[in-house]
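Worksheet: the structure to be examined is printed underneath.
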Amino acid sequence: MSLGHALRRIIREYPLARLDPLPGHPLAHVIRRGAPDEVRAALPAGAPGLLVKGSPGRGLHWAAVPWIAVFDPAVTTSATQGFYLVYLFPADREAVHLSLAQGTVAAIRAHGMRAEAALRADGPRLRARLSDFAERLPATAIGLGAAGELPRGYEAAHILGVTYALAALDDERRLRRDLATGLDAYRALKARGGLAGLHPP
C-alpha cells in the first residue's frame, strides 16, 4: 500500500463504512494504523520524533470527518490544541485536504460560540507568517461538507495547504513532495512564534 492508495481507499470506502458498526471495522483499522504507517513512511529523512495518528471516530460513532495527522510533540500531541499537519476527508465529495491547522477543540473551550470566528480571524495573520509557502500550499480555505461544530471548526482552523481530487492521488511523488512542504511550513510556524499573539490559547 502507498500513501496515495491509503488516502484513496478512505475516500472511496468511508461513506459506506459509516453504515456499519465502527468497532472492529477494517476501514477503521486502515485509518488508525495502515494510513498513518504510510504517512510515516512518506515523511522525509531527517524528521525524527514526529507522531502520526489517525481517527475514524470515537467509541461506537464514526467521525463526520476522519483524519490522519502529524504532530510535533514540542507543539502538541493532539488534534485538540496547538497546531499540526492533517489530512481531512470531506463528507460531500471525493477529495482530501492536506491542511496545516489550528487545534479546534481548544478554541471551542476558550471561546465557546465565538470559536469559529476567532479561528477565522487568526488565519490571515498565520498565513502572513508563512507567506513564503503561499505558492506551494495554495489552499487558503477548505470545505468539509459536514454539519456540526467540529467540521465547521476544522474549516475555520485551516491555515494553508493543498486539496487533492481523487485522480491526483495517483501521483505519489507529488504527495510526498507536498507532505515535505507541509512539514517545512509546520516547522517554520513553530520557529516564527506559532500561535503566540493570537486569540488564546
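The values are calculated or read from the model by the stated rules, or taken from the named source; none is laboratory data. Fair warning: this is a prediction, and the values are worked out from it, not measured in the lab. For neighbour counting, all protein chains shown are included, and Cβ atoms are generated from backbone atoms with ideal geometry for every residue, glycine included.
Answer yes or no as to whether Ala141 is touching a helix residue (DSSP H, G or I) at 6+ places or on another chain (Cβ under 8 Å) and free of Cβ contacts under 8 Å to residues at least 40 places away in the same chain. So Ala141 fits the description; yes. When the range 146-165 is limited to residues that are of a type outside the set (D, E, K, R) and surrounded by fewer than 15 Cβ atoms within 10 Å (Cβ to Cβ), the one that is modelled with the highest pLDDT turns out to be Ala165. Of all residues in the range 21-50, those that are among the basic types (Lys, Arg) have Cβ atoms under 9 Å from Cβ atoms of residues that are at pLDDT 95 or above, 6 or more apart or on another chain, in Arg32/Lys53; Arg32/Gly54; Arg32/Ser55; Arg32/Pro56; Arg33/Gly54; Arg40/Leu50; Arg40/Val52; Arg40/Val70.
Inside the range 137-159, residues that are in contact with a Leu (Cβ under 9 Å, 6 or more places away or on another chain) and of a type in the set (D, E, K, R) make up a count of 2. Just checking, does the range 63-76 include any residue being of a type in the set (S, T, N, Q) and within 13 Å of the chain's Cα centre (by Cα)? No, that holds for no residue.
Test Ala95 against the criterion of being buried (at least 17 other Cβ atoms within 10 Å of the Cβ), at pLDDT 95 or above and over 20 Å from Tyr186 (Cβ atoms), and give yes or no.
Details: buried (at least 17 other Cβ atoms within 10 Å of the Cβ): yes; at pLDDT 95 or above: yes; over 20 Å from Tyr186 (Cβ atoms): yes.
In short, yes.
Would you be able to tell me the number of residues in the range 175-201 that are under 13 Å from Val96 (Cβ atoms) and either surrounded by fewer than 18 Cβ atoms within 10 Å (Cβ to Cβ) or among the acidic types (Asp, Glu) (or both)? Residues in the range 175-201 being under 13 Å from Val96 (Cβ atoms) and either surrounded by fewer than 18 Cβ atoms within 10 Å (Cβ to Cβ) or among the acidic types (Asp, Glu) (or both): 1 in total.
Screening Arg125 against (1) under 22 Å from Thr181 (Cβ atoms); (2) in contact with a helix residue (DSSP H, G or I) (Cβ under 9 Å, 6 or more places away or on another chain); (3) in a helix (DSSP H, G or I); (4) touching a residue at least 40 places away in the same chain (Cβ under 8 Å) leaves a single unmet condition, (2). Of the residues making up the range 128-138, those that are farther than 16 Å from Val96 by Cα and either touching a residue at least 24 places away in the same chain (Cβ under 8 Å) or buried (at least 19 other Cβ atoms within 10 Å of the Cβ) (or both) are Arg129, Leu130, Asp132, Phe133, Ala134, Arg136.
Just for strands (runs of 3 or more DSSP E) wholly inside the range 1-104: which have at least 1 residues that are more than 17 Å from Ala157 (Cα to Cα) and in contact with a His (Cβ under 9 Å, 6 or more places away or on another chain)?
Details: elements: 51-58, 61-71, 83-88, 95-102.
So the answer is 51-58, 61-71.
The residue pairs whose first member lies in the range 170-185 and is assigned to a helix (DSSP H, G or I), whose second member is surrounded by 17 or more Cβ atoms within 10 Å (Cβ to Cβ) and not hydrophobic (A, V, I, L, M, F, W, C), and whose beta carbons are closer than 8 Å, counting only pairs six or more residues apart or on different chains, are Asp170/Gly4; Glu172/Gly4; Leu175/Gly4; Leu175/Tyr164; Gly182/Gly161.
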